[in-house]
Amino acid sequence: MATATNGYSARQIGLHWIVFLLVAYQWFTGDFMADLFGAAHGGPPAAVNSGWATVHVVVGVAVLALMVWRLGLRHSVGAPPPAKQHPALQWLASAVHVGLYLDLTVGAVAGLAAYYLWPSLAGLHHFLMRPVLLLLVVLHVVGALWHRFVVRDDVVTRMVRPAR
């Protein structure tokens, strides 16, 4: 495992923001999948083209692949040390990051399982991960804003400017 660095690499930063954009896209178009899923299982006809399902799956696979790449880079390149703060806040920050990695990887796998294997069981799991993801993203953003405007340290800068 790599040791802590003074910041993130350009690849790590790029992957972070690409995953953010893909997840935002999935979030705002996810209701299309819910409509299509309902229509496929006896509900009212979907108001959207079934091609959205393919797009959603392809973007979900991309999120999964990029998250695996991010985890690999974190393991091989390392990550900056956690910000110095109260131990409870350090624990919360770590828990939020682990939760995000888990939700994004397991959520993508559950989505694939829902589409190809077990629609009801995996689909419910995939759907129920959505509010968990929202909570984790809100905590992540609040933490970034806390560091930027209250603590005024370089935590946010680490995810914008590559380490040298």
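Here are some notes:
- Within a Gaussian network of the chain (alpha carbon springs, distance under 10 Å), most fluctuating of LEU22, LEU112, LEU121: LEU121
- Contour excess over end-to-end distance, with Cα ends at VAL98 and PHE20 and 0.36 nm allotted per residue: 26.5 nm
- Translational diffusion of the chain was estimated from the Stokes-Einstein equation, with Rh taken as the Kirkwood radius over Cα pairs; at 4 °C and 1.567 mPa s the coefficient is 75 µm²/s.
- For the chain, a simple Cβ point-charge model (Lys and Arg +1, Asp and Glu -1, everything else neutral) yields a dipole of about 680 debye relative to the Cα centre.
- Net charge of neighbours whose Cβ lies under 13 Å from the Cβ of ALA47, counting Lys and Arg as +1 and Asp and Glu as -1: -2
- In a DSSP loop and with at most 16 other Cβ atoms within 10 Å, the trypsin sites (Lys or Arg not before Pro) in the range 28-84 are LYS84.
Since every read-out is calculated from the coordinates, none of them should be taken as a lab result. What you see is a predicted model; the values in this text were computed from it and never measured. When we count neighbours, we look across all protein chains shown, and the Cβ atoms used for this are built from the backbone with ideal geometry, even at glycine.
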